[in-house]
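Quick note: the coordinates plus some simple rules give every number you see, no bench work behind them. Everything quoted here is computed from the prediction, not taken from an experiment. Don't worry about glycine lacking a Cβ; one is built from the backbone with ideal geometry, like all the others, and counts go over all protein chains shown.
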Amino acid sequence: MGRPLTIWEHARLQGHSRRDFLKFCAWLTAAAGMESSAIAQVVKALETRPRLPVVWFHFQECTCCSESFIRSSHPIVSDIILDKLSLDYTQTLQAAAGAQAEKALHDTMAKYPGEYLMLVEGSIPTAADGVYCTIAGRTALDIVKEAAAGAKAIVAWGSCASNGCIQAASPNPTGATPVHKIITDKPIIKVPGCPPIGEVMAGTIVHLLAFGTIPELDRVGRPKAFYSRRVHDTCYRRPNYDAGLFVESWDDENAKKGYCLYKMGCRGPTTYNACAVTKWNNGVSFPIQSGHGCIGCSEENFWDNGPFYQRLTNLPGFPIEATADKVGLAVGAATAVGLGAHAVLTFVRKRDVIAGHETAEPKAQE
């Protein structure tokens, strides 16, 4: 067979049944945030599309994005990496090293110009000509520019590659810079978070894998399937916020009862992410569920937006919520008014019933 194997052909050679393949396509559809009606499109794409060549770079970062990705549970990420993708280069997961590793990188770029997917983890230092991060004797800045030239699209993993993250915190001595400020002529998908959720990373990849196109993005370049709603909107503690029930200190009774963490600095009302829906650790939990407020790690400049435990006040753009204090007062006042109204109505009804009963009695005697 002269042409590259399609994903279905490769899966069949490895002993996967048609049923296994269709189940995988159904998962891909869900992971990419699409409706079940799109499953047939996914099946067709994977039957005809060859494996996607991938190069994965690591620059100024802590590798937490890779750690998160390899812990994605649906499906087993090794299946995506080894079976469905052609992961040709990555400093942390490849067996090759040194000259052999660099050869694999340049062979992929030369063989698949305009076809390979470029994944970037970490910010790129630009100060002092980029000397703060070098690989194989070359700066990260040079490597990014070279690899991006032939890439089909770029995925910026995590907040480091998406917006600079901690390395870019004031005064930013290394000139840490996100990918989109260096490369401006290629499609770039931002998947921010510190780190992003593994399933969100996998879902982004499988959309590219199945359709060869980037998913629908929000105004800052994030996949809408995962970043279209605030953590606050889907948080299980939201009813407590609406009721004006808040944790006032980390060890008070309200904390033990699981009340809202807004007053403890939670950034859920201003953070767009899928944490409360997809969750971490195989869908078991997320930071707020563990008792810690959201720090807004998927938003730009979260590291310089004041202390994490400093409460936000007078949030703009949420007219139905006002401030936490006003919410509590308003709910309390509304409850009091409601109880008062209920009491008045109950009294009126009872009076009418009694009056009607007294009026009806003489007629009964007749």
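A few comments on the model shown:
- Note, ³J(HN,Hα) from phi for the stretch 243-248, Karplus 6.51, -1.76, 1.60, rounded to Hz, x at Gly and Pro: 8, x, 9, 10, 6, 9
- Among residues other than Ser72 with Cβ under 11 Å from its Cβ, the summed charge is -2 (Lys and Arg +1, Asp and Glu -1).
- Among the listed pairs Lys190/Lys224; Lys44/Lys279; Lys84/Lys224; Lys111/Lys224; Lys23/Lys44; Lys152/Lys190, those beyond 22 Å (Cα-Cα): Lys44/Lys279; Lys84/Lys224; Lys111/Lys224
- Positive minus negative residues near Ile188 (Lys, Arg vs Asp, Glu; Cβ under 11 Å): +3
- Fully extending the segment from Glu248 to Lys186 would add 17.6 nm, taking 0.36 nm per residue of separation and subtracting the current Cα-Cα distance.
- For a modelled paramagnetic label at Asn301, 7 Å from Cα along Cα-to-Cβ, the residues of the stretch 153-170 in reach, with backbone nitrogen under 15 Å, are 163-166, 168-170.
- For the stretch 210-225, 3J(HN,Hα) computed residue by residue from phi via the Karplus equation (6.51, -1.76, 1.60; θ = phi - 60°) reads 7, 10, x, 10, 7, x, 5, 10, 7, 5, 10, x, 9, x, 4, 4 Hz, glycine and proline entered as x.
- Rounded FRET efficiency, nearest 0.05, which uses the C-beta distance separating Gln289 from Asp233 and R0 of 22 Å: 0.90
- The packing ranking, built from the mean of other Cβ atoms within 10 Å per residue, places the peptides 158-169, 120-131 in the order 158-169, 120-131, highest first.
- FRET efficiency for the pair Arg219 and Asp142, taken as 1/(1 + (r/R0)^6) with r the Cβ-Cβ distance and R0 = 25 Å, rounds to 0.20.
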